[in-house]
Each structure stands twice: as structure tokens, then as C-alpha cells.
């Protein structure tokens, strides 16, 4: 299955190490559709239910439960950006983040990856 940017999936994150998220968790697909079509890994950001006033946690609102049960109120953990083999981690798509939410997430991701004196070039 090819995942699309903005998809919300539940996937197994074990085994994990150190401060990485553990267990079966919701994730947001942040890699673009072309990357996802040509690579067997997908860039994702885990969603947590606790905000803890951490500046790299963005409110994504209600996240659908995997089993159709009660949704959780979630926060994208931008500091946990990682590439995963979602097929091997038994991913199940449960929803999609809206365009406004994705713009906020991707802006923060890019802000974490570029040097403060760099700028994003339009059309690059």
C-alpha cells in the first residue's frame, strides 16, 4: 500500500530504544506522495495524547481510534520524526490530517532541519 502525506495510521513501534515512542501508536505520514511511491520507507511523526507544554508538540485535534472507538486528543511529536516500513509495522490507516494542520506540522519540521540562517527557496 502506498501512503499519502497527511494520512493518520496506527502502527507497531516496538522494538524501540531510549526515548522513542513505544507500543502501537498513531502516526502522521509527512513524506510527500512521490517519495512514498518510490521508497519502501515512509517518513512519519508519532502522535501523543499528552502536550506537556512542549514547543515541538502541535495540537492535531481528535485522532480516530484504530477500532472505531473513542478518538483521542492528540499532539504531533515533531521531535520524533522517523522513517518506518509501515507494512512491516502492521499499519492501518484511520484518517487524514487537514491541509492547515499539515502546513503547521511541515513548517515546524522544516524549521528543525534547516539552519537559522538558511531560507526555504520557493520552487526548490
* Structure fact -> Extension length gain for residue 82 and residue 56 (0.36 nm per residue less Cα distance), in nm, is 7.9 nm
* Asked: How many nm is it between the label spots at residue 90 and residue 1, if each spot is 7 Å from the Cα in line with the beta carbon?
  -> 1.4
* Structure fact -> Here FRET efficiency (C-beta to C-beta, residue 107 to residue 24, R₀ 25 Å, nearest 0.05) is 0.35
* In nanometres, what is the gap between the two model label sites at residue 38 and residue 67, each 7 Å from Cα along Cα-to-Cβ? -> 4.1
* Asked: Normalised by the number of residues in region 1-76, what is the relative contact order in percent for Cα pairs under 8 Å and 6+ residues apart?
  -> 25
* Asked: Which of (1) 46, 34, 27; (2) 35, 34, 21; (3) 43, 37, 31 is the computed Cα extents along the principal axes in Å for the structure on display?
  -> (3)
* Asked: Among 25, 89, what is the fewest-to-most ranking by other Cβ atoms within 10 Å?
  -> 89, 25
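No lab work stands behind these numbers, since they all come straight from the coordinates. None of these values were measured; they are calculated from a predicted model. Every residue, glycine among them, receives a Cβ derived from its backbone with ideal geometry; neighbour counts consider all protein chains shown.
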